[in-house]
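Visitor: Below you will find the structure I want to go over with you.
The values are calculated or read from the model by the stated rules, or taken from the named source; none is laboratory data. Quick caveat, the model's predicted, so the values are computed rather than measured. Glycine gets a Cβ as well: all are built from the backbone with ideal geometry, and neighbour counts include every protein chain shown. When the accessible area is computed, the model is the full protein with side chains, heavy atoms only, and any ligands, DNA or RNA have been set aside. Shrake-Rupley method; radii C 1.70, N 1.55, O 1.52, S 1.80 Å.
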Amino acid sequence: MGGDGFFLAGLRPDWVHVPCDANRFEGNDASYSPNIAFEATFSSANVFVNNIAHGGNYGFWLGFSTANRLEGNTISANRRAGIAVENGIDCVVEQNTISGNAYGILLWSKYVAAFVQAVPANDTSRNWLIAANQLIENEVAVRIAADQDHGVRPLPRTTPRCPLPHAHTLRANRFHNNRENIQARGVEPPLID
């Protein structure tokens with residue numbers, strides 16, 4: 001019940017990118033964080049398996065991250081989102097139970113000048129595999145959006161634009177009793193099979 005349950009940050013306050021990569025979190029319970037249960041920003045190749053993220057603002061926040069994997073986690077009753085990622089690339093979300101969140105999975109792009117210098121490859125949201133998850137009773141199960149603030153509010157028109165979010169694949173997910181299953185705003189349509 002502190003700030004964040006687990007916090008990894010691969011960016012120093014002076015905007016220098018530093019490694020915070022290839023960690024494994026398995027079987028942890030970071031529930032009831034008033035902010036974020038598991039945060040891993042500006043990092044890559046982190047793996048989260050069979051963890052619990054219940055009752056916070058966000059279950060997982062992985063902004064500007066690359067090649068992270070979330071598998072077998074229980075992510076429920078988070079006020080803002082179960083999984084929230086801005087400008088994340090090459091990530092896998094597989095076989096998780098994501099239920100009762102405002103947004104189950106929330107992916108978006110956002111231009112931040114300092115971040116463009118620090119992590120130029122993370123120029124948008126792209127190349128995600130979202131597979132075999134249970135998405136149950138979320139307000140919105142999956143939202144993918146371009147040029148957003150926290151994934152849900154359009155940025156001012158004067159803000160530079162990112163490339164369109166693209167190459168998202170949703171495969172063999174189970175959607176049950178969500179108010180809305182999929183929202184795609186200003187993005188290349190995801191592949192759904």
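Visitor: Using a Gaussian network model on the chain with a 10 Å cutoff between Cα atoms, which of Ala81, Ala37, Ala167 fluctuates the most?
Guide: Ala167
Visitor: Follow-up. Apply the Kirkwood formula to segment 43-171: the hydrodynamic radius equals the inverse of the mean of 1/r over all pairs of different alpha-carbon atoms; give it in Å with one decimal. Each step should come with its number before you reach the end.
Guide: Numbers: mean 1/r = 0.0695 Å⁻¹.
That comes to 14.4 Å for segment 43-171.
Visitor: Can I ask one more? In square angstrom, what is the accessible area per residue of segment 1-67 with a 1.4 angstrom probe?
Guide: I get 45 Å² per residue for this part.
Visitor: Right, something else. As an exercise, use a Förster radius of 45 Å and the Cβ-Cβ distance of Ala172 and Asp14 to find the FRET efficiency, rounded to the nearest 0.05.
Guide: 0.55
Visitor: Note down the Stokes-Einstein diffusion coefficient of segment 18-102 in µm²/s, whole number, using a Kirkwood radius over alpha carbon pairs, 37 °C, and 0.692 mPa s. It would help to have the intermediate numbers written out before the result.
Guide: Details: Rh = 12.3 Å.
The diffusion coefficient I find is 268 µm²/s.
Visitor: Can I ask one more? Taking a temperature of 10 °C and a viscosity of 1.306 mPa s, what whole-number D in µm²/s does Stokes-Einstein yield for segment 73-114 with Rh from Kirkwood over alpha carbon pairs?
Guide: 141
Visitor: Sticking with this structure for a sec: Please identify, among His54, His17, His166, the residue showing maximal mean-square fluctuation in a Gaussian network model of the chain using a 10 angstrom Cα cutoff.
Guide: His17
Visitor: Still on this structure, I have one more. Name the residues whose placed amide hydrogens come within less than 5 Å of the amide hydrogen of Leu8, ignoring near sequence neighbours (fewer than 5 apart) on the same chain.
Guide: Glu39, Ala40, Thr41
Visitor: Would you mind telling me the share, in percent, of accessible area of the chain contributed by carbon and sulfur at probe 1.4 angstrom?
Guide: In the chain, the share of accessible area belonging to carbon and sulfur is 52 percent.
Visitor: Whole angstrom only: what separates the Cα centroid of segment 160-182 from the Cα centroid of segment 7-40?
Guide: Going from one Cα centre to the other spans 24 Å.
Visitor: Please give, to one decimal in nm, the separation of the simple spin-label points placed at Tyr111 and Arg157, each 7 Å out from Cα toward the Cβ.
Guide: 1.5
Visitor: How big is D for segment 95-193, in µm² s⁻¹ as a whole number, if Stokes-Einstein is applied with the Kirkwood radius of its Cα pairs at 20 °C and 1.002 mPa s?
Guide: 153
Visitor: Quick one: work out the % antiparallel among DSSP beta bridges in the chain, nearest 5.
Guide: 5
Visitor: Only Lys, Arg, Asp and Glu count, each charged at its Cβ (+1, +1, -1, -1), so figure out the dipole size of the chain about its Cα centre, rounded to 20 debye.
Guide: Computed charge dipole of the chain: roughly 400 debye.
Visitor: Quick one: which residues, 5 or more positions from Ala84 or on another chain, have an amide H under 5 Å from its amide H? H modelled 1.01 Å from N in the peptide plane, none for Pro or chain starts.
Guide: It is Phe60, Trp61, Leu62, Leu106, by chain and number.
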